[in-house]
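A short write-up of the structure that comes next.
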Amino acid sequence: MNFIRRLNVGLLRLRSLFGKSALETQLQRELRFHLDQQTEENIARGMPPGEARHAAMRSLGGVAQIQEECRDMRGTQTLETIWNDLRYAARMLIRTPGFAIIIVLSLGLSIGANSAIFSVIEGVLLRPLPYPQPDRLVRLYFNSDAQPKFPLNPNDFLDFRSRNRTFAGMAAITRHDVQLSGTGQPVMLRAFNVSAGYFKVLGFTPARGRDFSTTDELPEHGRLAILSDHLWRSRFGGDGGIVGRTITLDGQSMTVIGIMPPGTRHPGNNFHAVNDGDTVDLWMPHTFDDDPNYRAAHFMDGIGRLKTGISAEQGQADLLAVLAQLKLEHPGERGWRVYLVPLYQETVGSSKRMLLVLLAAVGLLLLIACVNAANLLLARSSARVREMAVRSALGAARGRIVRQLLTESLMIALAGGGLGTLLAFGGVLALGAALPPAFPRATEIHLDAGVFAVTLLVAVATGFVFGLIPALTASKTDLQQSLREGGRGTTGGGRQLRLRNFLVAGETALACVLLIAAGLMLHSFVNLLRSDPGFQPAQVLTASLSLPYERYKDVPQRMHFFEQLVARLEAVPGVDSAGLGTDLPWTGYDGNADGFRVEGRSLAYNEKTTGRYHIASPDYFRAMGIPLLRGRFFDGHDDQNAPLVLIVNESMAKRYWPGENAIGKRITFRGDPAEKDWIQIAGVVRDVKDQPDSSSVRPGFWLPLEQEPSRTMSVAVRSGLDAAVLSTQLRDVVRQLDPQLAIADLRLMSQVSDEAFSSHRFALFLVGLFSALALTLAAIGMYGVVSYSVNQRMPEFGIRMALGARPGDLMRLIVGHGLKLTVLGAAAGLLIAVSATRLLGSLLYGVSGEDPLTFACVAVLALVTALVACYLPARRASGADMLSLRAE
């Protein structure tokens, strides 16, 4: 009687909704028929009549659920109702564990990937720089039509600092690594020469001692040092008494005047600096002792803090006005402009585009996972048509059914979010290990409360996104037909099938966008590997060393050491050649930039002749594998007594002597040169790229070591020996020549080369991984739709087989349906990709964003995947026979 009373309540609700007694009567008959039929089946199984009746009632929606619906109709929803929703949702998912596991896994992978990538974006792009009021910090450069970013001249910096009106402070920096001795084994330290006010600009003050002052910039006062907290604790045991004492740097006594607090960061990503995550060991004052009129040498990086309320554009306009005055005072300044870059923009650099690409990729992956989940829920809802019809007939409003189905979706999404959070922990660790060595702010990447909040938000939003359409579709039930069909799920089947077809085509389109991005990046990476870097990195061991000033003051002393070093290294069995250079390709040491005059050529007003300034020994080019194009390499005759010579790269020869032979041409660094000041070009070598993906090479030149004797050099040794053996030999040779000399940065050029490709390899790996997951999800969606269609049409296939159709005909019919969806999805994906691939921008090398080969390969891959996904359902359809009709 209880059941009949509830049934009457449902019928009364139907009367208010439809006002059709004929429909009510028909529904009443259908409900009683199914109730009696199920009761009889239960009795036939041996159940007592009362228990059989209750079991039949439960099969039509459950007594507890009917009671809950009646309470909802009376507007008495409570926490108990919500709890019952959750319990019922859990029971429904437990009944179909395979279905739940597939959705939770796909959502967990995509949510975990999103959380991991977001943690990187939050640490690199969203988190403020570790300086007070970082938005006021800017980097200062010169630029011209030929040089987009160029270092400052020391004297220009002094004029900018004294004449500007918009900066609260301004500083200049240049890298100057030094050797620390007298405290155990000699060691090379990362060090910088900085102008006074450098720490004030960044917003730091020494934890002990004092900062540099403008007096310390005078040459006679410049032998001072400020230690980092890391160096103070690791080499001096945290001794506070070190302030005021002297230490030995490059053989000179330097007085320690301060110790910086922990966390003092260097504003990385400049010409001669380390990255912001690396440790800076100490700072020394830069001494300005050049001729005030000498404006040719450019080697300092500038940084400034704008006054409150001043924008970067206003600061740049201010310095441009100062530069205009300097051009009147110093004609050599012509051709330059001032270029200001916000420190945030400079720090993030090109990584911002790569991170946005990865965020778009994981976003597409999550969207594909949502579409796939919606597809699976639609398939599942077709098997629950009878349940939904009974619940509606018993009085459940459509909103009530939608709420129940959304509860199930949210439960699935939260389970996926929990799994995604666990995967995100491992993902962040894996990303930290795989990040390129020069990646900015890598130390600030970690999971925190913000990332967890975003993960929860994504999980909840995902549950609504993939659950709402199936819930609305399943709740819109034709009661009369659903109950008459005995719960076969045909009601709305055509509508659901069209919707599922649309979702599969959408999945395919999104997967194709990701696959095209991965294909373009793969094509680009192959082009990078095939490109000529201008040198041969294989079998080259490198290291750096700096001769202490006090022990190598005289040029003959330095040259004797370097000559002995190269001679002894080349005497080692198995060594082909050894050379010395002020910097090495692809290591971030780009060399100083210097301006010069070309003999017999007058400059236009906006033209500036500049080139990368390097120093090299005679065998440097052979050791690095840089081929000679014309002329000769340096040799032992290019000493202090010989005419000045240099070697230029191909870009410099083409730029300043187009259509001419550059051999024998002359340049000078003097404004009013004597004959001895002219430097003749002895050779032209192949261009060496700044980085593998550099679109062009800037002009550069090398001066012979004997004519420009430097104290700090990099060693390059070409040999087929094992790296460990060769490293030992190099250390032994240096120790024999000078036991107190430290060597640093000992590594193979092949490692340098590998690191140079790391950014492209990192992005390619992640986008490729996301693309593979997207293709797998699209294949699962395709299989689900085709399999569902086959199940619905098995009676039809049985009739076709009975009328003479062959298995191959049915397979072609099913596979054709799948291919049709794939073609539509792939076509949409290709159109979307034409616009979307523009985001890749600088990540591509030697390949267009509309590369037809990549698009064609992706289309073929999508078709092959569709064939594989459709094969099993099509094979099942081809086995249909009269048994399919009997089953109906």
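Here are a few things to note about the model shown:
- Breaking point among (1) more than 19 Å from F525 (Cβ to Cβ); (2) part of a helix (DSSP H, G or I); (3) open to solvent by 30 Å² or more (accessible area, probe 1.4 Å), for L839: (1)
- Residue identified as surrounded by fewer than 20 Cβ atoms within 10 Å (Cβ to Cβ), at pLDDT 75 or above and closer than 30 Å to G841 by Cα among L367, L419: L367
- A90 vs. criteria open to solvent by 30 Å² or more (accessible area, probe 1.4 Å), assigned to a helix (DSSP H, G or I), within 24 Å of G467 (Cα to Cα) and not β-branched (V, I, T): yes
- In the set (1) open to solvent by 30 Å² or more (accessible area, probe 1.4 Å); (2) at pLDDT below 80, the condition left unmet by G432 is number (2).
- Any hit, the stretch 534-542, residues being at pLDDT 85 or above, of a type in the set (S, T, N, Q), surrounded by fewer than 22 Cβ atoms within 10 Å (Cβ to Cβ) and under 30 Å from the mean Cα position of the chain (by Cα): yes
- With respect to the conditions (1) under 35 Å from the mean Cα position of the chain (by Cα); (2) in contact (Cβ under 8 Å) with a residue 24 or more places away in the chain, G808 falls short on a single one, namely (1).
- Odd one out for K200 among (1) surrounded by fewer than 17 Cβ atoms within 10 Å (Cβ to Cβ); (2) among the charged types (D, E, K, R); (3) part of a loop (DSSP other than H, G, I, E, B): (3)
Yes/no per residue for (1) touching a residue at least 24 places away in the same chain (Cβ under 8 Å); (2) in contact with a Pro (Cβ under 6 Å, 6 or more places away or on another chain); (3) under 18 Å from D583 (Cα atoms):
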residue: E650; (1), (2), (3): yes, no, no
residue: A653; (1), (2), (3): yes, no, no
residue: G659; (1), (2), (3): no, no, no
residue: G664; (1), (2), (3): no, no, no
residue: E675; (1), (2), (3): no, no, no
residue: I679; (1), (2), (3): yes, no, no
residue: V685; (1), (2), (3): yes, no, yes
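- Across the stretch 666-699, the qualifying residues are those that are closer than 30 Å to L840 by Cβ and open to solvent by less than 50 Å² (accessible area, probe 1.4 Å), and the one among them that is modelled with the lowest pLDDT is S694.
- Among (1) under 26 Å from Y131 (Cβ atoms); (2) modelled with pLDDT under 80; (3) not small (G, A, S) - the single one Y294 does not satisfy: (1)
- Candidates G197, G184, G241 - the one that is out of contact with any Ser or Thr (no Cβ under 7 Å at 6 or more places or on another chain), closer than 29 Å to K307 by Cα and not hydrophobic (A, V, I, L, M, F, W, C): G197
- Residue within the stretch 558-572 that is under 24 Å from G251 (Cβ atoms), touching a strand residue (DSSP E or B) at 6+ places or on another chain (Cβ under 8 Å) and surrounded by fewer than 17 Cβ atoms within 10 Å (Cβ to Cβ) present: no
- Annotation: of all residues in the stretch 229-240 being crowded, with 17+ Cβ neighbours inside 10 Å and either at pLDDT 95 or above or touching a helix residue (DSSP H, G or I) at 6+ places or on another chain (Cβ under 8 Å) (or both), the one that is farthest from H176 (Cα to Cα) is F236.
- Selection from the stretch 452-468 of residues that are buried (at least 20 other Cβ atoms within 10 Å of the Cβ) and among the aliphatic types (A, V, I, L, M): V458, A459
- Selection status of R353, outside any loop (DSSP other than H, G, I, E, B) and modelled with pLDDT under 85: yes
- Number of positions in the stretch 166-194 that are part of a loop (DSSP other than H, G, I, E, B) and either open to solvent by 50 Å² or more (accessible area, probe 1.4 Å) or modelled with pLDDT of 95 or more (or both): 6
- In the stretch 594-610 there is no residue matching the filter, namely being crowded, with 16+ Cβ neighbours inside 10 Å, more than 19 Å from E708 (Cα to Cα) and at pLDDT 85 or above.
- Any hit, the stretch 545-555, residues being of a type in the set (V, I, T) and at pLDDT 90 or above: no
- Residue within the stretch 568-582 that is among the hydrophobic types (A, V, I, L, M, F, W, C), in a loop (DSSP other than H, G, I, E, B) and at pLDDT below 85 present: no
- Qualifying residue in the stretch 130-146 (condition: open to solvent by less than 20 Å² (accessible area, probe 1.4 Å), touching a residue at least 60 places away in the same chain (Cβ under 8 Å), touching a helix residue (DSSP H, G or I) at 6+ places or on another chain (Cβ under 9 Å) and of a type in the set (S, T, N, Q)): no
- The condition (being at pLDDT 60 or above, touching a Leu at 6+ places or on another chain (Cβ under 8 Å), over 30 Å from L431 (Cα atoms) and part of a helix (DSSP H, G or I)) is satisfied by just one residue among L109, L105, L35, L125: L35.
Condition check ((1) modelled with pLDDT of 90 or more; (2) farther than 22 Å from H560 by Cβ; (3) touching a Lys or Arg at 6+ places or on another chain (Cβ under 7 Å); (4) open to solvent by 70 Å² or more (accessible area, probe 1.4 Å)) across all residues:
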{"site": "A724", "(1), (2), (3), (4)": "yes, yes, no, no"}
{"site": "R731", "(1), (2), (3), (4)": "yes, no, no, yes"}
{"site": "P739", "(1), (2), (3), (4)": "no, no, no, yes"}
{"site": "D745", "(1), (2), (3), (4)": "no, yes, no, yes"}
{"site": "V752", "(1), (2), (3), (4)": "no, yes, no, no"}
{"site": "A756", "(1), (2), (3), (4)": "no, yes, no, no"}
{"site": "R761", "(1), (2), (3), (4)": "no, yes, no, yes"}
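- Residues in the stretch 700-717 that are buried (at least 22 other Cβ atoms within 10 Å of the Cβ) and farther than 19 Å from G636 by Cα: G700 only.
- Contacts under 7 angstrom Cβ, first residue in the stretch 284-304 being closer than 16 Å to R597 by Cα and among the aromatic types (F, W, Y), partner open to solvent by less than 40 Å² (accessible area, probe 1.4 Å) and at pLDDT 90 or above, 6 or more apart: Y294/N155
- All positions within the stretch 702-736 that are out of contact with any helix residue (DSSP H, G or I) (no Cβ under 6 Å at 6 or more places or on another chain) and among the hydrophobic types (A, V, I, L, M, F, W, C): W702, L703, L705, M713, V715, L721, A723, A724, V725, L726, L730, V734
- Note on the stretch 210-238: residues that are out of contact with any Ser or Thr (no Cβ under 7 Å at 6 or more places or on another chain), assigned to a loop (DSSP other than H, G, I, E, B) and under 26 Å from M170 (Cβ atoms) amount to 3.
- The residue pairs whose first member lies in the stretch 837-856 and is under 17 Å from L358 (Cβ atoms), whose second member is of a type in the set (D, E) and modelled with pLDDT under 85, and whose beta carbons are closer than 8 Å, counting only pairs six or more residues apart or on different chains, are T837/E850; S842/D693.
The values are calculated or read from the model by the stated rules, or taken from the named source; none is laboratory data. This structure is a prediction, so every number in the text was calculated from the model and none was measured. Every residue, glycine as well, gets a Cβ built from its backbone with ideal geometry; the counts of neighbours run over all protein chains shown. With ligands, DNA and RNA removed, areas are computed over all heavy atoms of the protein, side chains included. Shrake-Rupley method; radii C 1.70, N 1.55, O 1.52, S 1.80 Å.
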